[in-house]
Amino acid sequence: MKTSQLSMCARCNSRYERVCRQDVLEQADQAQVSTETHTYLEATNYDHLCPNCLLELNQLIATVTEHEHSGKDKKLEEKVHYYLENGLWVFTEFYHLQRGYCCQSGCRHCAYGYKK
């Protein structure tokens, strides 16, 4: 019999109950997320995510795959790819997902779970 324990989500910092010894890929299998989301999760630093974050990421991955990559030669859209804060550009999680990799700079909205 599997027991459960209280864990903290690596993405939103909320507390949730998870099955002991269950990692993020096992959670993804149980949540029945897309193959694209499962592949994305394999490339992240996330160890545990709450069910809400798994579903949000699944929807975000679906949206990203529907849109063409913005790339350097494409125009970035404010409030989609970035927002301005104190005159500085802050890139969104959507932008990081479209970029397709983690730069390991400790970005505020890192989509790959990297923390300095």
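The values are calculated or read from the model by the stated rules, or taken from the named source; none is laboratory data. The structure displayed is predicted, hence computed values, not measured ones. Because the Cβ atoms are built from the backbone with ideal geometry, glycine has one as well, and the counts that use them run over all protein chains shown. Surface accessibility is based on the protein's heavy atoms, side chains included, excluding ligands, DNA and RNA. Shrake-Rupley method; radii C 1.70, N 1.55, O 1.52, S 1.80 Å.
What number of residues in the stretch 18-50 are touching a strand residue (DSSP E or B) at 6+ places or on another chain (Cβ under 7 Å) and either open to solvent by 20 Å² or more (accessible area, probe 1.4 Å) or of a type in the set (Ser, Thr, Tyr) (or both)?
Residues that pass the stated criteria total 4.
Name the pairs: first residue in the stretch 54-67 and modelled with pLDDT of 90 or more, second residue in a helix (DSSP H, G or I) and among the aliphatic types (A, V, I, L, M), Cβ to Cβ under 6 Å, at least 6 apart or on different chains?
Between residues of the stretch 54-67 that are modelled with pLDDT of 90 or more and residues that are in a helix (DSSP H, G or I) and among the aliphatic types (A, V, I, L, M), the close pairs are Leu54/Ala31.
Can you name the residue in the stretch 1-17 that is of a type in the set (A, V, I, L, M) and without any contact (Cβ under 8 Å) to a residue 60 or more places away in the chain and is also surrounded by the most Cβ atoms within 10 Å (Cβ to Cβ) among such residues?
Within the stretch 1-17, the subset of a type in the set (A, V, I, L, M) is 1, 6, 8, 10.
If we keep only those that are without any contact (Cβ under 8 Å) to a residue 60 or more places away in the chain too, we end up with 1, 6, 8.
Working: Met1: 2, Leu6: 8, Met8: 13.
Once the filter is applied, the top-ranked residue is Met8.
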